[in-house]
1. Using r as the Cβ-Cβ distance of LEU234 and ALA79, and R0 as 25 Å, what FRET efficiency do you calculate, to the nearest 0.05?
2. Counting only residues 5 or more places away or on other chains, whose amide H sits under 5 Å from the amide H of LEU234 once H atoms are built in the peptide plane?
3. Please arrange ARG279, ARG169, ARG182 by accessible surface area, largest first, computed with a 1.4 Å probe and ligands excluded.
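The values are calculated or read from the model by the stated rules, or taken from the named source; none is laboratory data. Only a predicted model underlies this, so the values are computations on that prediction, with no experimental measurement involved. Neighbour counts are summed over all protein chains in view; Cβ atoms, including those assigned to glycine, are modelled from backbone coordinates with ideal geometry. Note: accessible area is taken over every heavy atom of the protein model, side chains too, but ligands, DNA and RNA are not part of it. Shrake-Rupley method; radii C 1.70, N 1.55, O 1.52, S 1.80 Å.
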Amino acid sequence: MAGPSRARKSRKGAGGKRARQPGVAENNESLALQRESNKTARRAFVYGTVFTLIGLCFTVYQQVKPAPVPTGPKLEVSAFSAEKLSRMQADVLDLGHPAGKDEVDSPVLDVVLKNTGDQIAVVSAVDFTFRYSEKVELCEKGGDVIEIAGHYDVSIPFPDRPTPFSIRREVRHEISPGKIERLTFAVGVGKVPLHSDIWLYQIDMRVVSDGAAKALHAGTGLIVAPVPHEGYFLNQKIISDRSCPADTLNRVRKFTAMSGAKSTVFEEMLDELTIFAARY
């Protein structure tokens, strides 16, 4: 009787020590970790594939893309002015006869050009179109007045001709790609009478370059030629028409109100003319 009883006790003791089975929460956590791992793997695969395709496309594009087409020369105007004067040598005439040589002031048209293209730009000529001209006569009469005739950088061969008229100055100037160059053009006279009338000009300046479809408009300038020296108006003493000084002042004021860059010499002219007109 003692044998069977010990066997039952042995089985009962063995049953009480069975291993604990995982619960529902642990199974869910394991599944969640597995799903997250699968997502990460899929993302890595997709990203890797995309980057690989991008790299292949870039390589193919680099191999088959056309070579860059040259844009050629391309000039742009960076700045334009007519403020400065240049001292230039001229023949001085007294009543039509040579009286020697002297340096006279001449207006300067000043342009800054930039080549934004990828080839050398060649400036071959500059056109000066005289849009407007006006003669300002001396209020003091006397002596022979000799008309202006010039041979400077830009000659004014016939100052009394009807406007508009154009003068071309042939040049040969190269501007490399990406470079900025400054070109100046003196517009003056080569024969200056001791007692001369003056001329007011409104000038359009255009730059002609090889290969360009049309000339580049550089700017518009207002100039006076010959440039009157200090005292030009105030030294006139014998005034037969006492309205002439005021009329001259108004004409110069009206001219300087026109569109265009102008020299600082006009400020001096207007100051002197204001004093001159106040005398009469």
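1. According to the calculation, E is roughly 0.10.
2. Excluding prolines and chain starts, which carry no amide H, there are no hits.
3. Details: ARG279 115, ARG169 85, ARG182 135 Å².
Largest accessible area first, the list is ARG182, ARG279, ARG169.
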